[in-house]
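Read the figures in this text as sums done on the coordinates, not as results from a lab. Computed from a prediction, not measured in an experiment: that's the story for all the values here. Methodologically, a virtual Cβ is constructed for each residue, glycine included, from the backbone with ideal geometry; neighbour enumeration extends over all protein chains shown.
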């Protein structure tokens, strides 16, 4: 009698769509069920092409118990033990031959393991994801990349084409509604040493971000001319002119490719991993968008259009929680207390009305000072 599971997985498309979501332990357990499945799993090149080991590091679902979570996360808590198991898995000939996309997000791997992984002649990894890996030494990783890009090495020998490092892991993005314009890289992941590293990797290794190409780095002040890594993604075009400075100056062709999340499953081509962005998308550093991006309506203005806006109507930071917002958004959420003439936010001051903000009686030694309006003229008899 024919095995229905074997018939299903014998289809190359179904095999390619199913195996990336299974852990190596699950594939090994499946291979032990029959000799035919063992031959299929160890000889097919589609099984190990996309290897996602971050499945073991993902947080437990809401329905699982704490005991189940500790049982599944025990190998991750021991870095040396986990690296030995991982090295044993990747040393198998059928894995070495086929793996091209390796995802290690959230795992306790270090730069020593990555050195053995990328400097070996037997590995053919094209896309590597090491997001949220806390045991990686940043300086040692940069030294490793410098060695891979050494001038004495032929460029055709470099198999690694893309690295996911700066952004958040895909499992940390599930259930989060992403805004059209938002910060996609946390500032803590960005250090000045990566500026020269990304510049050296240009054209050879793509990352999940690139250097900021804002005009201020070319014609701004001396402090603004220092190159920085882009951490904010803006789409939709400028609210004033409807385009981007890169398109207006015909600089889009020379821009570095940026890897986009989530990581593609059906292919390991870096061109596919970088595709999918809108034409009006720009990547900027935090200093370039400080006075040109509204956090309320998500509109943004290019450097030329910002200069044409009157100063009293430009983006201002009226509320710490809301962030910088345009003049129209501030008019909707910001009010002035008629008692103390201080400004307060209606969104983050639920005890306020359109004219006053009522604060509870403060103790003699205040522990949590109020965020906005400090109206001391309100009598305690009101409460």
Would you mind checking region 101-132 for residues with the amide N under 20 Å from a putative spin-label position 7 Å along Cα→C-beta of residue 152? 115-116, 118-122
Burial order of peptide ranges 302-310, 276-284 (average beta-carbon count within 10 Å, highest first): 276-284, 302-310
Give the order of 43, 327 when sorted by the count of other beta carbons within 10 angstrom, beginning with the fewest. 43, 327
Classify region 239-351 as rounded, prolate or oblate, taking a ≥ b ≥ c as the square roots of the eigenvalues of its Cα gyration tensor: rounded when a/c is under 1.5, otherwise prolate if a/b is larger than b/c and oblate if not. oblate
Expressed in Å to one decimal, the Kirkwood Rh of region 191-310 from all distinct alpha-carbon pairs is 15.4
Among 229, 41, what is the fewest-to-most ranking by other Cβ atoms within 10 Å? 41, 229
Please report 116, 210, 150 as a ranked list, fewest other C-beta atoms within 10 angstrom at the top and most at the bottom. 150, 116, 210
